[in-house]
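The values are calculated or read from the model by the stated rules, or taken from the named source; none is laboratory data. None of the values given here were measured: they were computed from a predicted structure. Quick reminder, even Gly has a Cβ in these numbers, built from the backbone with ideal geometry, and neighbours come from all protein chains shown. Ligands, DNA and RNA are excluded from the accessible area calculation, which covers all protein heavy atoms including side chains. Shrake-Rupley method; radii C 1.70, N 1.55, O 1.52, S 1.80 Å.
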Amino acid sequence: MDYSWKRTRLSLKSKRNKDEFELKQGQIESLKKLEDSGYINLYYGDESHFGLTPNVPYAWQKKENPILLPAAKGKFLNVVGLMNRKNNLFFEVLETTFNTDKFICFMDNFTKQTVKKAVVILDNSPIHKLKKFMAKIEEWKENDVLIFFLPPYSPELNLIEIPWRRIKHQWIPFNAYLCFQNLKERLKYILNNFGKKYDIIF
C-alpha cells in the first residue's frame, strides 16, 4: 500500500518563505560550482549539543534482555564546526555553553588558517546575528572569509546537519553513554577521524 515504517521527522517547511529559500538554494549551487572550479573553499557551519541522554532510537535486541541505556542530565558537550564537501572539518569542543564571543574567537582562529578565499554558510542562530558578530563580518571579509546566511527555517541547506545526525544516531556507540568521559572520548575520536574512518558522500 506504499507505506513504510520509519521514524517521523520534524519539519520547518511551513514556516519559511519559499521564494527566499529557492533564491538562496540557487546561490548555494553557484557557490558549489565556484568551489568545484577551485576559486573558493565552501564551508558549512553550525553548533551541536551532545549529552548523556542517548539519541539512538532503534537497535536489534533480545526480548528477554533489552538494551537499557541510562538517561542522565548534567554535563554536556557543545561542538562548533565548519565542514566542506571534501569531509574536512575544522571544529572545537566545549564543556560550556557556546555564545557569540566564543564563536567569534572560533571564526578568528579559522580565518588565520585559511589559504584561499572561503565562504562560510551559517544559519540564523541568535549568536550569529548579534551586533558584535555582525561587526566582525567586514574584518573577516578583508581576510578572504565571507559569511553567507541561510534563509530562516532551512536546515536542509546546511550540509553539516548530516554529520551531526550521523554522529548522534549512528556513529556514537551505546557504551559511549555509560558515563560522561566515555562520551567525551568517543565524540572526540569521531571528530578527529572525520574524513578518514568517518565520511559522507555529498
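Defining a contact as two alpha carbons under 8 Å apart and six or more residues distant in sequence, what relative contact order in percent does region 85-202 show? The partial results should precede the final answer.
Numbers: 89 pairs, mean separation 36.3, N = 118.
Relative contact order of region 85-202: 31 percent.
Any lysines with Cα under 16 Å of the Lys116 Cα? List them, leaving off those in the same chain fewer than 8 positions away.
Lys32, Lys33, Lys86, Lys141
What aspartates and glutamates sit close enough to Lys188 to cross-link, taking a C-alpha to C-alpha distance under 16 Å and skipping anything fewer than 8 places away on the same chain?
Glu47, Glu92, Glu95, Asp199
After finding the eigenvalues of the alpha carbon gyration tensor for the chain, what semi-axes result from the square roots of 5 times each, listed largest first in whole Å? Could the numbers behind the result be given before it?
Numbers: eigenvalues 199, 92, 56 Å².
Equivalent ellipsoid of the chain: 32, 21, 17 Å, largest first.
Out of residues 5 or more away from Leu146 or on other chains, whose amide H comes under 5 Å of its own, with H placed 1.01 Å from N in the peptide plane?
When sequence neighbours closer than 5 places are left aside, the close amide H contacts are Ala118, Val119, Val120.
So which residue, out of Lys15, Lys136, Lys75, gets the largest mean-square fluctuation from a GNM of the chain using Cα contacts under 10 Å as springs?
Most flexible of the set in this elastic network: Lys15.
Counting Lys and Arg as +1 and Asp and Glu as -1, each charge on the Cβ, what is the dipole of region 86-155 about the Cα centre in debye, to the nearest 20? Intermediate values should be presented prior to the final figure.
Working: 10 positive and 9 negative charges, 34 e Å.
Once rounded to the nearest 20, the dipole reads 160 debye.
For Cα pairs less than 8 Å apart in space and 6+ apart in sequence, what is the mean separation divided by the residue count of the chain, i.e. the relative contact order in percent? Walk me through the intermediate numbers first.
On the way: 257 pairs, mean separation 53.0, N = 202.
Across the chain, relative contact order equals 26 percent.
Run through the DSSP bridge list for the chain and note the antiparallel percent, rounded to the nearest 5.
For the chain, the DSSP antiparallel bridge percentage is about 60.
Report, in deg cm²/dmol and to the nearest 500, the calculated mean residue ellipticity at 222 nm for the chain, where each DSSP H run with n ≥ 4 adds -39500 (n - 2.57) and the sum is divided by the residue count.
Estimated from H runs of four or more residues: -9500 deg cm²/dmol.
Any idea what the dipole of region 19-164 comes to, in debye rounded to 20, about its Cα centre with Lys/Arg Cβ at +1 and Asp/Glu Cβ at -1? Provide the component values of the computation, followed by the final result.
Numbers: 18 positive and 20 negative charges, 80 e Å.
Its charge dipole is roughly 380 debye.
Can you send over the solvent-accessible area of Arg16, 1.4 Å probe, protein chains only, in Å² to the nearest 10?
50
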